[in-house]
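Scroll down for the structure; my scribbles are underneath it.
FYI, it's all coordinate maths here, none of it is from the lab. Predicted model only: the values in this text are computed from it and were never measured. Neighbour counts run over all protein chains shown; Cβ positions are idealised from the backbone, glycine included.
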Amino acid sequence: MHFPRETSNLIANLRGIPEDRGRSRERPAFTLGNIIEVLEERYKLGQEKIEDTIAKHWNDLVGEHAAHRSCPLKVVGGAVLLIQVANPVLRQEMQFKIKDILARIHRLPGGGVIQALNFRAG
């Protein structure tokens, strides 16, 4: 059983053993539910991210032709969408259409945070 430091020191004095003179302090225990709430809020668990929304609508955003040979990877820095493309030719084609793709992304819920597109061939 765990007692507060004052109580433990009193018991130690009665038993004739050294007191706890450490500088550490007792901290209140957190319940598991409380920790889960903090983690859900901090990491936005259970909420749909913009990457998920973009991935769902990828065919509509870039067209059927490019959608099969490319995919959105992640949002970097909160504003740049990193896109994996199959080859440099497709990357060049998509770079010509950046303004159109960004306009379509901005129409999605939460899409206004995306300010730039970055393409990675490979």
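Summary of values
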{"read-out": "Some residue of the range 73-80 being surrounded by fewer than 14 Cβ atoms within 10 Å (Cβ to Cβ), part of a loop (DSSP other than H, G, I, E, B) and either at negative phi or touching a Ser or Thr at 6+ places or on another chain (Cβ under 6 Å) (or both)", "value": "yes"}
{"read-out": "Entirely in the range 22-68, the helices (runs of 4 or more DSSP H) that have 3 or more residues that are of a type in the set (A, V, I, L, M) and more than 20 Å from I101 (Cβ to Cβ)", "value": "32-43"}
{"read-out": "Considering residues of the range 81-122 that are assigned to a loop (DSSP other than H, G, I, E, B) and small (G, A, S) only, the residue surrounded by the fewest Cβ atoms within 10 Å (Cβ to Cβ)", "value": "G122"}
{"read-out": "Leading residue by the ranking (surrounded by the fewest Cβ atoms within 10 Å (Cβ to Cβ)) among those in the range 1-21 that are part of a helix (DSSP H, G or I) and not charged (D, E, K, R)", "value": "L14"}
{"read-out": "Some residue of the range 40-57 being farther than 30 Å from R120 by Cα and out of contact with any His (no Cβ under 7 Å at 6 or more places or on another chain)", "value": "yes"}
{"read-out": "Search result, residues across the range 10-51 that are within 30 Å of G78 (Cβ to Cβ) and of a type in the set (K, R)", "value": "R42, K44, K49"}
{"read-out": "All positions within the range 50-87 that are in contact (Cβ under 8 Å) with a residue 12 or more places away in the chain, among the charged types (D, E, K, R) and more than 14 Å from H106 (Cα to Cα)", "value": "R69, K74"}
